[in-house]
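Q: Here's a structure for you.
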Amino acid sequence: FIILRAEGLRGCTVSLPERVYWIDANIRADRYPNARTVAEQFEVSERTAFNDMRYMRDRLHAPIAFSERYGGWVY
């Protein structure tokens, strides 16, 4: 198992699984995360955040969609 790492909060590193867990928890809590909010939370690029969402959708088969109404991701 390989953990992909990126620079994250307060100089610590945050792994892909940690970001995926956060995205999932925020979708389930109806907080409608998007690439910008993930990037800001974890101090990664918006491209990295978007790739995290694609990983969840394509590899983990999470039924993620973007909601124009809420401006973020939903199940």
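Q: With all protein chains present and a 1.4 Å probe, how do PHE66, PHE42 order by accessible area, largest first?
A: PHE66, PHE42
Q: At 7 Å along the Cα-to-beta-carbon direction for both GLU40 and ARG59, put a label point, then send me their distance in nm to one decimal.
A: Result for the modelled spin labels: 2.7 nm.
Q: Quick check: residue separation of ALA29 and VAL74 times 0.36 nm, minus the Cα distance between them. What number comes out in nm?
A: Here the segment from ALA29 to VAL74 would lengthen by 15.2 nm.
Q: Ranked by accessible surface with a 1.4 Å probe, highest first, in what order do TYR32, TYR75 come?
A: TYR75, TYR32
The values are calculated or read from the model by the stated rules, or taken from the named source; none is laboratory data. Just so it is clear, the structure is predicted and the values come from calculations on it, not from any experiment. Here Cβ is always computed from backbone atoms with ideal geometry, including for glycine, and neighbour counts include all displayed protein chains. Heavy atoms of the whole protein, side chains included, go into the accessibility calculation; ligands, DNA and RNA do not. Shrake-Rupley method; radii C 1.70, N 1.55, O 1.52, S 1.80 Å.
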